[in-house]
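Step one of this worksheet: look at the structure below.
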Amino acid sequence: MKSALAGSVAGIMGMSLFDSTIPARARDRINKQSEPQGNAGIEPKELIGKAQTVLGAIEGESLGITSCHEHILWDLSVIFREPDSARDKELAHQPVQMANLYWIRANPHSNVDNLLQKDERLAIKELLPFKNAGGSTIVELTQNGMSRNPMGLARIARATGINIVMGSGYYIGRSHPEDMDSKTEEDIAQEIANDITVGVGDTGIRSGIIGEIGCSAPLTNNERKVLRASAMAQRQTGAPMNVHPSMSDELVMENIKILKDAGADLSRVAISHVDGFEYSSSTRRKILEEGCYVSYDGFGQLIYHFLVMDRVLNGHSDIQRIDDIIQMIEEGYINQILIAQDFCFKSCLAAYGGYGYAHILNNLLPFMRAKGITEESIHTLLVENARRFLEFAPAQG
């Protein structure tokens, strides 16, 4: 999430406050990632009741403890915003280090190095504490426009023994390829379905989830198109879906309505960032009443809160997130809650002073127990909900 303040946050939130210039390196990557894929593949019916990882389909019972929204390898340079002052410009182009963490944590989208993590060795080192703490599965939602790396994820999965479920689809409009205007809903749906049943490009490595599908505020026409195409692809494959929603209590419900009208199975849709985007308790209940999962995925991000259009974002502490979850459990929604950390900044990693991927398991479980969340409920939050969400349903054609 951005800072410096309102202007910088716009990129990750999908706001239209950014200038339209995207670095050439990022634009070339976006266009390459959206190239058409092959035709042969497996039948969706072979995935029913299973989850699909980068190393193949597995039984849902094998998922174990799951973090439902993370990034392992990424390039978010499309949301970089150059600061205005000479001092901040210098900080923007420094590598992430202890001496500048104070600034990067307040301006996470204005440091180039903070938006990049392509080091597979570092990823392996960062993920092993998650495994050692009992973690089994990571849902990795880097996709088109964010430098998805199927081969790298497969190597990391083999090296760590962690199940990695890879995403598919398109992020916010700013990250879309240049030819997105000419793509039809059917084109995009077929791309996503191919990622799931054939594999990404010529890698043979298959996605196991649609998303995170990006929505801005206001929504762009192409984002609406992608939402409808994602619903189409879900019907064709039976895959779960994750949405990066619009940063507005009104618009997040519009996001859901577009999916619903397009025939999506909302019981297979997770709405991310319900904590960081500071939706009201009333809006969270409306999301739950539609049948969607709510994803509390900002645990441990160590990012400062900020203002966008007079709205406070990222205002939740981890304890407040736990309190919100307790309230939803008391209201009967325990089976629709997913939790994660959504690490997409280098400063979140342990090597750079962050809490690391094992934060929930190592640091927060004692607080959950102290606040009265039972072991059965913790198991539901960490294991059962993720299993139910990630298992493929029968395709609807």
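State yes or no: is GLY315 closer than 22 Å to VAL294 by Cα, of a type in the set (Gly, Ala, Ser), out of contact with any Asp or Glu (no Cβ under 7 Å at 6 or more places or on another chain) and surrounded by fewer than 18 Cβ atoms within 10 Å (Cβ to Cβ)? No, not satisfied.
Among residues that are out of contact with any Leu (no Cβ under 7 Å at 6 or more places or on another chain) and either at pLDDT 95 or above or under 18 Å from GLN301 (Cα atoms) (or both), SER20 is not included. Within the stretch 149-156, does at least one residue satisfy the condition of being in contact (Cβ under 8 Å) with a residue 24 or more places away in the chain, of a type in the set (Gly, Ala, Ser) and surrounded by 24 or more Cβ atoms within 10 Å (Cβ to Cβ)? Within the stretch 149-156, not a single residue is in contact (Cβ under 8 Å) with a residue 24 or more places away in the chain, of a type in the set (Gly, Ala, Ser) and surrounded by 24 or more Cβ atoms within 10 Å (Cβ to Cβ). In summary, strands (runs of 3 or more DSSP E) completely within the stretch 150-249 and bearing 2 or more residues that are of a type outside the set (Ser, Thr, Tyr) and out of contact with any Leu (no Cβ under 7 Å at 6 or more places or on another chain) occur at 210-214, 241-244. Residue check: VAL78 meets all listed conditions (1) part of a helix (DSSP H, G or I); (2) under 30 Å from THR53 (Cα atoms); (3) modelled with pLDDT of 95 or more; (4) among the aliphatic types (A, V, I, L, M) but one, namely (3). Return a yes/no flag: does the stretch 360-376 have any residue that is of a type in the set (Val, Ile, Thr), under 21 Å from the mean Cα position of the chain (by Cα) and at pLDDT 95 or above. Yes, the stretch 360-376 has at least one match.
Among the residues making up the stretch 275-296, those that are modelled with pLDDT under 95 and under 22 Å from LYS346 (Cα atoms) are ASP275, GLY276, PHE277. If you go through the stretch 51-97 and keep only what is surrounded by 20 or more Cβ atoms within 10 Å (Cβ to Cβ), of a type outside the set (S, T, N, Q) and under 16 Å from GLY238 (Cβ atoms), you end up with just ALA51. A residue that is at pLDDT below 95 and at positive phi cannot be found anywhere in the stretch 150-172. Just one of ASN100, ASN114, ASN107 is under 18 Å from the mean Cα position of the chain (by Cα), over 23 Å from VAL200 (Cβ atoms) and polar (S, T, N, Q); which is it? So the residue among ASN100, ASN114, ASN107 that is under 18 Å from the mean Cα position of the chain (by Cα), over 23 Å from VAL200 (Cβ atoms) and polar (S, T, N, Q) is ASN114.
Quick check: is even one residue across the stretch 85-92 modelled with pLDDT of 50 or more, part of a loop (DSSP other than H, G, I, E, B) and under 21 Å from the mean Cα position of the chain (by Cα)? No, the stretch 85-92 contains no residue that is modelled with pLDDT of 50 or more, part of a loop (DSSP other than H, G, I, E, B) and under 21 Å from the mean Cα position of the chain (by Cα).
Which one is nearest to GLN301 (Cα to Cα) among residues in the stretch 347-359 that are within 19 Å of the chain's Cα centre (by Cα) and among the aromatic types (Phe, Trp, Tyr)? By that ranking, first place goes to TYR355.
Here the condition is being farther than 18 Å from PRO44 by Cα and either charged (D, E, K, R) or buried (at least 21 other Cβ atoms within 10 Å of the Cβ) (or both); of ALA270, ALA229, ALA264, ALA233, it holds for ALA270 alone.
The values are calculated or read from the model by the stated rules, or taken from the named source; none is laboratory data. None of the values given here were measured: they were computed from a predicted structure. Note: ideal-geometry Cβ built from the backbone for every residue, glycine included; neighbour counts use all protein chains shown.
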